[in-house]
Amino acid sequence: MADQWGDRAGKDLARKFKAHCRELGAVCWLCHQPIAYDAPAQTSDAFEPDHAVPRDVAPELALDWDNLRPAHCSCNRARGKRDVPLPLGPQTRAW
């Protein structure tokens, strides 16, 4: 299956997902910091939808809303196609 993210359907989905995330005040899922939703596209703190499962791995999920996560442009691009490490959780005691 071909990746349809660059097609009209992908652009529409990205626009709707951005509006949804802005309304929620969603933070970057990678660094957990606020996103500058009004920043110019492709600037470091700007919003960019990230695919939890990369499009190269699963092109059939490119247009799946549930595969999208809010991210900074810089965080998304730094992550690339790597998996996101799971957080370890709180420390049980101070070391």
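Every read-out reported here was derived from the displayed coordinates using simple, explicitly stated rules and does not represent laboratory data. Since we're looking at a predicted model, the values are computed, not measured. As a convention, Cβ positions derive from the backbone with ideal geometry for all residues, glycine included, and neighbour counts pool all protein chains shown.
Select one label from (1) 16, 45, 29, 8, 3, 0; (2) 16, 40, 34, 9, 0; (3) 12, 20, 19, 13, 11, 10, 8, 5, 1: the one whose number is P(r) over Cα pairs in 10 Å bins from 0, in percent as derived from the coordinates shown. Of the listed options (1) 16, 45, 29, 8, 3, 0; (2) 16, 40, 34, 9, 0; (3) 12, 20, 19, 13, 11, 10, 8, 5, 1, (1) comes from this structure.
Exposure proxy shown here: for 51, 20, 32, 72, the number of other Cβ atoms within 10 Å sets the order, fewest to most, as 32, 20, 51, 72. Once both labels are positioned 7 Å from their Cα atoms along Cα-to-Cβ, the gap between residue 3 and residue 60 label points is 1.8 nm. Compared with the dominant Cα axis of the chain, that is its longest principal axis, helix 8-24 is turned about 40°. For the chain, which longest stretch is free of loop sites, where a loop site is one of the trypsin sites (Lys or Arg not before Pro) that DSSP puts outside H, G, I, E and B and that has at most 10 other Cβ atoms within 10 Å? No qualifying site falls inside 1-80, the longest such stretch. For region 25-38, putting each phi into the Karplus relation 6.51 cos²θ - 1.76 cosθ + 1.60 with θ = phi - 60° gives couplings of x, 5, 9, 4, 6, 8, 10, 6, 9, x, 9, 8, 5, 9 Hz, in residue order, rounded to whole numbers and with x for Gly and Pro. Compared with the direct C-alpha span, the chain from residue 39 to residue 77 gains 12.0 nm at full extension, assuming 0.36 nm per residue.
Treat every Asp and Glu Cβ in the chain as -1 and every Lys and Arg Cβ as +1, leave all other atoms uncharged, and give the resulting dipole magnitude about the Cα centre to the nearest 20 debye. Intermediate values should be presented prior to the final figure.
Numbers: 13 positive and 13 negative charges, 48 e Å.
Using Cβ point charges on Lys, Arg, Asp and Glu, the chain gives about 240 debye.
Hey, what number do you get for the chain at 222 nm if only DSSP H runs of n ≥ 4 count, each worth -39500 (n - 2.57), divided across all residues, to the nearest 500? List each step's numbers first, then the result.
Values: 2 runs with 24 residues, N = 95.
Roughly -8000 deg cm²/dmol at 222 nm, from the helical runs in the chain.
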